[in-house]
1. Out of the residues in segment 275-291 that are in contact (Cβ under 8 Å) with a residue 60 or more places away in the chain and assigned to a helix (DSSP H, G or I), which is farthest from the chain's Cα centre (by Cα)?
2. Starting from segment 54-73, take each residue that is in a loop (DSSP other than H, G, I, E, B) and list its partners that are among the charged types (D, E, K, R), counting only C-beta distances under 7 angstrom and pairs at least six apart or across chains.
3. Using the structure shown, decide if Pro152 is crowded, with 21+ Cβ neighbours inside 10 Å, touching a residue at least 40 places away in the same chain (Cβ under 8 Å) and within 25 Å of Arg70 (Cβ to Cβ).
4. Can you name the residue in segment 23-33 that is under 18 Å from the mean Cα position of the chain (by Cα) and not in a strand (DSSP E or B) and, of all such residues, is surrounded by the fewest Cβ atoms within 10 Å (Cβ to Cβ)?
5. Take the residues of segment 229-270 that are under 14 Å from the mean Cα position of the chain (by Cα), under 15 Å from Ala219 (Cβ atoms) and of a type in the set (A, V, I, L, M): which is surrounded by the most Cβ atoms within 10 Å (Cβ to Cβ)?
6. Just one of Arg198, Arg254 is at pLDDT below 95 and of a type in the set (D, E, K, R); which is it?
7. Can you tell me how many residues in segment 86-107 are under 22 Å from Pro119 (Cα atoms) and among the hydrophobic types (A, V, I, L, M, F, W, C)?
8. Just checking, how many residues over segment 155-173 are surrounded by fewer than 17 Cβ atoms within 10 Å (Cβ to Cβ) and closer than 17 Å to Glu105 by Cβ?
Amino acid sequence: MAVLGHGTWSRVLEGVEVTVADDFSSVAPFEIRSTAEQRVPFVFSSPHSGRYYPERFLAMTRLDAVAIRRSEDSYVDELFAGAVALGAPMLAANFPRAYIDVNREPWELDPRMFQDPVPSFANIRSARVAGGLGTIPKLVGEGLDIYPSRLPLAEAIGRIDGIYKPYHETLKRMLMQTHAHFGYAALVDCHSMPASIRVGDNGMRPDFIVGDRFGASAAAAVVESVISLLSSKGYTVAHNKPYAGGFITEHYGRPARGLHAVQIEINRGLYMNERTFQKSAGFEALADDLARFSADLMSLPDDVFVDLPLAAE
């Protein structure tokens with residue numbers, strides 16, 4: 001694979017900052033939602049619920065305005081709004097997952113998507129790239145191609161520099177400030193999953209899946225508490241399978257340092273119509289339950305989060 005030299009890189013980047021900036025000239029690509037003061041050592045993130053689709057991006061795709069939303073974690077940020085009211089900040093994406101996926105490594109790129117050679121340091125062989133779900137996704141939903149032809153590499157570089165890196169710089173700063181102020185920090189990474197997901201030999205449809213990277217991203221007591229609190233509200237909860245957590249959970253979860261990260265996947269069938277993207281009658285009840293869950297989680301004693309062994313699968 002060819003390596004981009006300095007001159008080639010400059011040509012690739014020419015004008016790209018303007019196009020990405022224009023995409024989000026009227027809507028910020030992401031935002032921090034918070035009360036006046038952070039009152040608890042928790043940070044929530046909703047990286048896949050963004051539903052602002054720039055006109056330039058829509059014009060680039062081969063999908064209509066409905067089909068392009070098939071990979072969106074619709075309304076997850078709203079479902080967890082109760083956590084913000086309790087004093088926990090939330091980093092919420094406005095950019096759509098189909099545009100760029102911040103729950104990936106920064107350079108998980110499929111070279112077949114681009115007109116130019118990708119950088120030599122790009123991870124082109126990850127399972128997520130192979131599945132069409134890299135940093136710049138190739139597919140949405142059930143195997144729907146996003147683009148009719150190859151993209152300029154400048155498009156990927158612009159989105160990574162203009163959206164991905166600032167998002168992670170912001171999330172890292174939020175977690176470091178939380179840790180410095182409270183002595184530990186817990187990140188709840190919020191997602192949704194198709195209602196068709198089944199787990200186990202009996203094909204159970206879980207309401208939630210809690211992921212901790214098979215014990216690497218959070219202490220055992222933290223994960224057990226999350227599962228127990230959700231189960232106590234009458235929900236079926238699976239652990240790590242088939243979703244153990246993505247890059248965000250893996251990258252920020254350092255329980256030995258007092259940094260815990262847990263991914264929560266919500267079954268979309270609980271709160272929305274997956275075909276029309278309309279909220280269902282169950283939306284408000286689920287949001288209320290998640291507000292109570294957040295309050296219960298924030299009420300756990302400090303020793304659940306400090307100096308405890310890692311979780312085990």
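The values are calculated or read from the model by the stated rules, or taken from the named source; none is laboratory data. Everything numeric in this text was worked out from a predicted model, so none of it was measured. Here the Cβ is made from the backbone with ideal geometry for all residues, glycine too, and neighbour counts use every protein chain on show.
1. Residues of segment 275-291 that are in contact (Cβ under 8 Å) with a residue 60 or more places away in the chain, as a first pass: 277, 279, 283, 286-288, 290-291.
Next cut, assigned to a helix (DSSP H, G or I) only: 283, 286-288, 290-291.
Details: Phe283: 20, Leu286: 20, Ala287: 19, Asp288: 22, Leu290: 18, Ala291: 20 Å.
By that ranking, first place goes to Asp288.
2. Taking only residues 6 or more apart or on different chains, the pairs are Pro54/Asp23; Arg62/Asp145; Ser71/Arg97; Glu72/Arg51; Glu72/Arg97.
3. On the way: crowded, with 21+ Cβ neighbours inside 10 Å: no; touching a residue at least 40 places away in the same chain (Cβ under 8 Å): yes; within 25 Å of Arg70 (Cβ to Cβ): yes.
For Pro152, the condition - crowded, with 21+ Cβ neighbours inside 10 Å, touching a residue at least 40 places away in the same chain (Cβ under 8 Å) and within 25 Å of Arg70 (Cβ to Cβ) - is not met.
4. In the first step, residues of segment 23-33 are kept if they are under 18 Å from the mean Cα position of the chain (by Cα); the result is 28-33.
Next, from what is left, pick out any that are not in a strand (DSSP E or B): 28-29.
On the way: Ala28: 11, Pro29: 23.
Ranking the candidates gives Ala28 first.
5. Filtering first and then ranking leaves Ala261.
6. Numbers: Arg254 fails: at pLDDT below 95.
Residue meeting the stated conditions: Arg198.
7. Number of matching residues: 4.
8. Step one: filter segment 155-173 for residues surrounded by fewer than 17 Cβ atoms within 10 Å (Cβ to Cβ), giving 161, 165-166, 169-170, 172-173.
Subsequent filtering for residues that are closer than 17 Å to Glu105 by Cβ retains 161, 165-166, 169, 172.
Matching residues across segment 155-173 total 5.
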